[in-house]
Amino acid sequence: MGKMRRMSNTTITLIIILTLIFILLAILGYVINESENTPPNLSGTTDFTAPELPATEQEEITTSTEAINSTEASEPEITLPPETTGPVVTEPIVTDKVEETEISTPIVEEPNYIGTIYLTFDDGPSSEITSQILDILKQKNVKATFFILDYEFGSEIEALVCREINEGHTVGIHGISHDYSKIYTSLENLVKNFTNLQEKIYKSTGYRATIIRFPGGSSNTVSEKYCPKIMTQAVEYFSNNTDFVYFDWNVDSDDAGKAKSIDTVYENVTTALRPNRGNVVLMHDSSSKKFTLGALEAIIDYGMEHGYEFKAITPDTPQVAHRVSN
Ligand code: ZN
């Protein structure tokens, strides 16, 4: 019995020792395993916390870090001006629009003009010149502006005014009278000289003329003889109190002055044209102005060949006005 007890004691001790060794080995194995699984970059302190954290929490941390990173990354895009971010976002839309414009471009297609020419004809209409000027303008498909004088109801001249309107030109008002000694005696007389003809044109044609030109231009000094400072008053009046817009000119054909040939009229106009502006050309269609009529076609050809666009003056046309001298 004693021998048996000793044997069993030895066996128990052995079992305990083996169990302890097994437990030790198991612990060692676990620790080795953990250290292999732990990313080498993590610091020693996270060795203990890392296994304790569930995988989901770690994901949340990384996700939130990514979220922060992505927010940081997208923040500059948000704070960027719309002009900068816009093209990036709308790139495909822009391309679509470009394609659409490309389709419609051939229909709208216009040359790139270097400037505009506003041909203006004063002191008409006249039965000798005006209809031929209108023929040339029609043939060249050019619109112009006529600053007309008084005419009789039912006359051939009235028919020419109607033709000017019907063919798309602007009928402007020069006045009932061109006589400086009558129109420049007072502001009241000057205003009436425009409004009376405006009423007549309206009765005659139904057309409401609002573009005006002072006889002699706003820079005329001859008016001083009849009423000092009348042009200063007139410019202030017509600039502020009415729907009239007055236009002078910045290209003078001099057909009412020294020009004594077709070539001179042509040279005077073509050498004074400038790009990047509205060139308001002073010419006349009164009965004696044959040089203007003779030069007109060549002037239009010159303008077209050199990239100018021809237009009639409208209330939206940038005003061309002289420096007032009285
Ligand atoms: Zn005139």
query: List pairs: first in segment 210-223 and under 21 Å from P315 (Cα atoms) and within 13 Å of the ligand (Cβ to nearest atom), second charged (D, E, K, R) and modelled with pLDDT of 95 or more, Cβ under 8 Å, 6+ apart or cross-chain?
result: R213/D122; R213/D248; F214/D248; G217/D248; S218/D248
Inter-residue pairs, beta-carbon under 8 Å, first over 12 Å from T120 (Cα atoms) and in segment 238-262, second assigned to a strand (DSSP E or B) and more than 16 Å from the ligand (Cβ to nearest atom), 6+ apart: F238/V245
- prompt: Which one of A259, A272, A295, A312 is within 16 Å of the ligand (Cβ to nearest atom) and either buried (at least 21 other Cβ atoms within 10 Å of the Cβ) or within 32 Å of the chain's Cα centre (by Cα) (or both)?
  reply: A259
- line: Screening S177, S181, S239 for residues that are more than 35 Å from the chain's Cα centre (by Cα) and not in a loop (DSSP other than H, G, I, E, B) leaves only S181
query: Regarding E305, is this residue without any contact (Cβ under 8 Å) to a residue 12 or more places away in the chain and out of contact with any strand residue (DSSP E or B) (no Cβ under 6 Å at 6 or more places or on another chain)?
result: yes
field: Which numbered condition R208 misses (of (1) assigned to a loop (DSSP other than H, G, I, E, B); (2) farther than 30 Å from I117 by Cβ)
entry: (2)
message: So the check is Cβ under 9 Å with 6+ separation or different chains; which pairs have a first residue in segment 172-194 that's under 15 Å from F147 (Cβ atoms) and free of Cβ contacts under 8 Å to residues at least 24 places away in the same chain and a second one that's within 16 Å of the ligand (Cβ to nearest atom) and in a helix (DSSP H, G or I)?
response: N193/K182; N193/I183
query: Within segment 146-160, can you find the residues that are part of a helix (DSSP H, G or I), away from the ligand (no atom under 16 Å from the Cβ) and touching a residue at least 12 places away in the same chain (Cβ under 8 Å)?
result: E156, E158, L160
- prompt: From the residues in segment 275-290 that are within 15 Å of the ligand (Cβ to nearest atom) and assigned to a strand (DSSP E or B), which one is surrounded by the fewest Cβ atoms within 10 Å (Cβ to Cβ)?
  reply: H284
message: When you check A312 against the structure, is it at pLDDT below 95, touching a His at 6+ places or on another chain (Cβ under 6 Å), closer than 24 Å to V142 by Cα and in a loop (DSSP other than H, G, I, E, B), yes or no?
response: no
- prompt: Quick check, is Y207 in contact (Cβ under 8 Å) with a residue 12 or more places away in the chain, away from the ligand (no atom under 14 Å from the Cβ) and farther than 28 Å from N166 by Cα?
  reply: no
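Residues are listed down the side, and each one gets a yes or a no for (1) surrounded by 23 or more Cβ atoms within 10 Å (Cβ to Cβ); (2) under 34 Å from the mean Cα position of the chain (by Cα); (3) of a type in the set (F, W, Y):
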site	(1), (2), (3)
Y118	yes, yes, yes
F121	yes, yes, yes
Q132	no, no, no
F153	no, no, yes
G172	yes, yes, no
task: Could you list, in sequence order, all residues of segment 167-204 that are within 16 Å of the ligand (Cβ to nearest atom), more than 16 Å from H284 (Cα to Cα) and hydrophobic (A, V, I, L, M, F, W, C)?
output: I176, I183, L190, F194, L197
message: It is to be established whether one or more residues within segment 144-152 are of a type in the set (F, W, Y) and more than 26 Å from K225 (Cβ to Cβ).
response: yes
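The values are calculated or read from the model by the stated rules, or taken from the named source; none is laboratory data. Remember, predicted model here, so these are calculated numbers, not experimental data. For neighbour counting, all protein chains shown are included, and Cβ atoms are generated from backbone atoms with ideal geometry for every residue, glycine included.
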